[in-house]
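Enquirer: Structure incoming, see below.
Bear in mind these aren't lab numbers, they're just calculated from the coordinates by the rules spelled out. Just so we're clear, the structure is a prediction, and the values are computed from it rather than from any experiment. As a convention, Cβ positions derive from the backbone with ideal geometry for all residues, glycine included, and neighbour counts pool all protein chains shown.
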Amino acid sequence: MLQDILPYKMDNHYYPDAVPKADSRIIVMKGEISDREILIKRTDGDRVSFPAFSEFASISKEKVIYLFKIADEEFFLSDGELSDAMIPKECEFCRISELRREKIEPKSNVFAVYTAFHLYEWYSTTRFCGKCGSPNANDSLERARVCTVCGNRIYPRINPAVIIGVTDKESNRIILTRYRSGFAQNALVAGFTEIGETLEETVRREVMEEVGLEVGNVRYYSSQPWGVASDILSGFFCDVAGNKEIRMDSSELKYAEWVSPEDIVLQIPDYSLTNEMMRLFKEHGYEGTL
């Protein structure tokens, strides 16, 4: 999955006093949320990296925010727009949605993009206090925003969501879906957890809403951070209970069918928890989900 970057590891501890070194990587983003772009460097075809602090003509150490570290490489976020003259040569802005569709290397940099996007959106939307409207400031001890007037404190938002492999033990099949708009490849039933719900209750509700089926034997599989939607995804398999006829929510989906392992077409590239769950069923069938 996206976060599987061994032998490297992401250190997401917040170091508020960190300042960029010459070789620190600077993340620069621009554009609307639905069309967000990130500044990248392409090398050797499918390899992507980010400009180092030393490559920028003029950027203040006070105008960058420490994000995280992968292996020994530190990442900082540019806090504010840069003029064209400040952009390093041999760099280009690329839509994040395009990067998702590409098979780029190293995967650790793809994970960096998604995680940086998550933090960028949070910093961008929390410049002002949601209680009194006054400016927020970065906390001096932890990754938090603190109102300069009323003291209201907020932390990065993480949305819980579920990915659901609906299985039929008798026929050794799984339900694959495709969204009506947006992502065009095969997917599984999915949705956000609502107020007052357990994750297992979310599974049952989303399956009923999207494909009109009751399910049981809900079993946890794995989880994944998914920064492009500020999500933490929890993957579950569950068994259809009773009627197996799909009643698809056509307002959200354009396709939902029972599919045998040999007929599963996987996503490209293979970053997502959804794809890993589909691959598991493709290679091992129902028994692989137990």
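Enquirer: For a 21 Å ceiling on Cα separation, which of these pairs sit above it: Lys30/Lys254; Lys9/Lys107; Lys21/Lys63?
Expert: Over 21 Å apart, Cα to Cα: Lys30/Lys254.
Enquirer: Here is a follow-up. Return the sequence-ordered ³J(HN,Hα) values of the range 271-280 in whole Hz as given by the Karplus equation 6.51 cos²θ - 1.76 cosθ + 1.60 applied to θ = phi - 60°, using x for Gly and Pro.
Expert: Couplings: 8, 9, 4, 3, 5, 5, 5, 5, 4, 4 Hz.
Enquirer: Where the centre of each part is set by its Cα atoms, how far does the range 257-284 sit from the range 5-56, in angstrom?
Expert: 31
Enquirer: Here's a follow-up. Counting pairs of alpha carbon atoms under 8 Å apart in space and at least six apart in sequence, what relative contact order in percent does the chain give?
Expert: Value for the chain: 17 percent.
Enquirer: Follow-up. Karplus couplings for the range 282-290 from phi (6.51 cos²θ - 1.76 cosθ + 1.60, θ = phi - 60°), rounded to Hz, Gly and Pro as x?
Expert: Per-residue couplings from phi come out as 4, 8, 10, x, 4, 4, x, 8, 8 Hz.
Enquirer: Shifting gears a bit: What angle, in degrees between 0 and 90 and rounded to the nearest 10, separates the Cα long axis of helix 199-211 from the longest principal axis of the Cα atoms of the chain?
Expert: Once rounded, the angle reads 70 degrees.
Enquirer: Something else now. Across the range 121-128, in residue order, what do the Karplus-derived ³J(HN,Hα) couplings come to in whole Hz, using 6.51 cos²θ - 1.76 cosθ + 1.60 with θ = phi - 60° and x for Gly and Pro?
Expert: The phi angles translate into 5, 5, 4, 5, 9, 10, 5, 10 Hz.
Enquirer: When a/c is below 1.5 the answer is rounded, else prolate if a/b is larger than b/c, else oblate, so apply that to the range 159-289 with a ≥ b ≥ c taken from the square roots of the Cα gyration tensor eigenvalues.
Expert: rounded
Enquirer: Could you work out the local net charge near Lys89, counting Lys and Arg as +1, Asp and Glu as -1, over the other residues with Cβ closer than 12 Å to its Cβ?
Expert: -3
Enquirer: Let me ask something else. Calculate the FRET efficiency for Arg180 and Ser97 from the Cβ-Cβ distance with a Förster distance of 22 Å, rounded to the nearest 0.05.
Expert: Plugging the Cβ-Cβ distance into 1/(1 + (r/R0)^6) gives 0.80.
Enquirer: In the range 192-220, which residues have a backbone nitrogen under 17 Å from the label point lying 7 Å from Ile264's Cα in the Cα-to-Cβ direction?
Expert: So the set is 219-220.
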